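**Q** Structure provided below as structure tokens; questions to follow.
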Amino acid sequence: MKSLPFNRRSLLVGASALGGTSLLPRVAFAKGSLVATTYPGSWEDAYRSVVLPMLKKKEDVDLELAPLFAMDQIGKVKAARGAPPFDVFVLDPGPRIVAIEGGLFDKFDGSKLSNLSKLPAGFADEYGVCVGAQVVGIAYNPKKLPAPKGWKDLLVEPYVSRLGLTGFQTTFGTASLIELSKLFGGSLTNVDPALAELKKVLPKVAAVGLPAAMPGLFQQGQCDVMYTNTQTVATLKGKGIDIEFVKPESGAVAFYTTMHIAKGSTEVANAYKYLDLVLGKDVQEALTKPPYNFIPVNKDVVLPPDLPMKSLDEMTKYVTQDWAQINPLRAAWIEKFNKEMAK
């Protein structure tokens, strides 16, 4: 199974010294250590503040976090040729499939997790385990705009002239543009209708930028509506920004972030301790709180009130997408968007 149903040892060089975190060749560490990747930004902040000290306290394992985007993780492990520079991946659905096809994961044994029973059925397989959920929809400023009803609204007034537009570099961007395309005759593998419609209204669009720039543009008032995930909305709301989340009438998109043990890891036992802790109620509950605003996957954790659903079971009714079909096309989509949507 290549998609869940929703759908060595390294030394870390200080970011303050080098302007980033680099993975150097494998060196010996003391017993009780682990290197795990994390996404730069809110994921890194959350895992450094919450998970790292909890793992040390509970298991006496020293956790080194390597902030890397998903495809960078895959590139580094492929380049390492069997001696992975970290022990645990964190990936979204598309990169997860790339890594499965590349044979980069150790076979996963969910029976080693005491918290496995706290997850919904199907949240673990032979490759890894879901550690967080994401919901994609539309965010808007309620003081500037009425609530949009669906993806098509983004292309008409009063929304289009306040739209923050971004491309296929992220899972949420890709998911949103696919759903927009479906409404104009496109499909999971055909986004040309969406790009054609966007090109028609491009002169009116408020802002076009990289995904990482969108929250800042929204915060600065350069756009007042955008497609994004609930975590971004909750984070901005926590900063006092006027923002609300809308489930499009055709359905919000749900996907899951997963963790996997790198094939060739020499810290497999500690990797399972880490994963079990991440899935436990204490960590999952802590990560739901501001400023992190994660969606938990542990059924014992009460969902935050600002989320568009009251239980994880509701997410089974959300739109899911087959990334095995999307992946081969995505690079061309990114290139085409960048070429045609530049303002």
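The values are calculated or read from the model by the stated rules, or taken from the named source; none is laboratory data. These numbers were taken from a predicted model, which means no experiment stands behind them. Cβ: placed from backbone, ideal geometry, glycine included. Neighbour counts: every protein chain shown. In case anyone asks, the SASA skips ligands and DNA or RNA and just uses the protein heavy atoms, side chains included. Shrake-Rupley method; radii C 1.70, N 1.55, O 1.52, S 1.80 Å.
**Q** With r as the distance between the Cβ atoms of residue 334 and residue 107 and R0 = 41 Å, compute the FRET efficiency 1/(1 + (r/R0)^6) and round to 0.05.
**A** About 0.80, to the nearest 0.05.
**Q** For residue 341 paired with residue 314, estimate the spin-label separation in nm (one decimal), with each label point 7 Å from Cα along the Cα-to-Cβ line.
**A** 2.8 nm
**Q** Compute the Cα gyration tensor for region 127-206, then decide on rounded, prolate or oblate, letting a ≥ b ≥ c be the square roots of its eigenvalues: rounded whenever a/c is under 1.5, prolate when a/b is larger than b/c in the other cases, and oblate in all that remain. Intermediate results must be reported in sequence, preceding the final value.
**A** Numbers: a/c = 2.23, a/b = 1.33, b/c = 1.68.
Oblate is the answer for region 127-206, as a/c is 1.5 or above yet b/c matches or exceeds a/b.
**Q** Which of the lysines could a cross-linker span from residue 149 if the Cα-Cα distance has to be under 23 Å and same-chain partners fewer than 8 positions apart are dropped?
**A** 182, 199, 200, 204, 237, 247, 310, 317
**Q** Please label the shape of region 226-336 as rounded, prolate or oblate, based on the square roots a ≥ b ≥ c of the eigenvalues of the alpha-carbon gyration tensor (a/c under 1.5 means rounded; beyond that, a/b larger than b/c means prolate, else oblate).
**A** oblate
**Q** Let me ask something additional. Once a ≥ b ≥ c are taken as the square roots of the eigenvalues of the Cα gyration tensor of region 304-343, is the result rounded (a/c under 1.5), prolate (a/b larger than b/c) or oblate (a/b not larger than b/c)?
**A** oblate
**Q** For region 164-283, just the Cα set please: Rg and Dmax, both in angstrom.
**A** 18.4, 55
**Q** Hey, another quick one. Quick one, which of (i) 60, 42, 39; (ii) 95, 41, 40; (iii) 59, 48, 38 is the actual Cα extents along the principal axes in Å calculated for this model?
**A** Of the labelled values, this structure produces (i).
**Q** Where the accessible area of region 165-217 is counted over protein heavy atoms with a 1.4 Å probe, how much of it, in %, is carbon and sulfur? Don't skip to the answer; put the middle values down first.
**A** On the way: 1140 of 1880 Å².
Of the solvent-accessible surface of region 165-217, carbon and sulfur hold 61 percent.
**Q** Now, a different point. Aspartates and glutamates within cross-link reach of residue 56: Cα-Cα under 13 Å, excluding same-chain residues under 8 positions apart?
**A** Residue 56 reaches 64.
**Q** Further, regarding this structure: For region 59-135, which whole-number percentage of the solvent-accessible area (1.4 Å probe, protein heavy atoms only) is attributable to carbon and sulfur atoms?
**A** Percent of accessible area from carbon and sulfur atoms in region 59-135: 47.
**Q** Something else: Suppose each label sits 7 Å from its Cα in the direction of the beta carbon; what would the residue 219-residue 79 distance come out to in nanometres?
**A** Reported label-point gap for residue 219 and residue 79 is 3.0 nm.
**Q** Less than 20 Å from a label point 7 Å out along the Cα-to-Cβ axis of residue 300: which backbone N atoms in region 50-64 qualify, by residue?
**A** Inside the label zone: 50-60.
**Q** Return a whole-number percent for the relative contact order of region 145-197, with Cα pairs under 8 Å and 6 or more residues apart as the contact set. The partial results should precede the final answer.
**A** On the way: 49 pairs, mean separation 12.3, N = 53.
Averaging sequence separation for qualifying contacts and normalising by length gives 23 percent for region 145-197.
**Q** For region 92-226, max minus min Cα coordinate along each principal axis, in Å, sorted largest first?
**A** Principal axes ranked by extent give 53, 32, 24 Å for the Cα atoms.
**Q** Moving to a separate point now. To the nearest Å, what is the center-to-center distance of region 170-192 and region 61-128, using C-alpha atoms only?
**A** Each part's Cα centre sits 27 Å from the other's.
**Q** For residue 114 and residue 56, FRET efficiency with R0 = 22 Å and r from the beta-carbon atoms, rounded to 0.05?
**A** So the FRET efficiency works out to roughly 0.75.
**Q** Before I look further, what does the chain give for accessible area per residue, probe 1.4 Å, in whole square angstrom?
**A** 42 Å²
**Q** Moving on. Accessible area of region 278-334 with a 1.4 Å probe: how many percent of it is carbon plus sulfur?
**A** Of all accessible area on region 278-334, carbon and sulfur atoms account for 53 percent.
**Q** Mean separation of Cα pairs under 8 Å and 6+ residues apart, divided by the residue count of region 153-294: what relative contact order is that in percent?
**A** It comes to 23 percent, rounded to a whole number.
**Q** Subtract the Cα-Cα distance of residue 204 and residue 157 from 0.36 nm times their separation in residues, and report this length gain in nm to one decimal.
**A** Length gained between residue 204 and residue 157: 16.0 nm.
**Q** Quick one: length gained pulling residue 289 to residue 325 fully straight, 0.36 nm per residue minus the C-alpha distance?
**A** 9.5 nm
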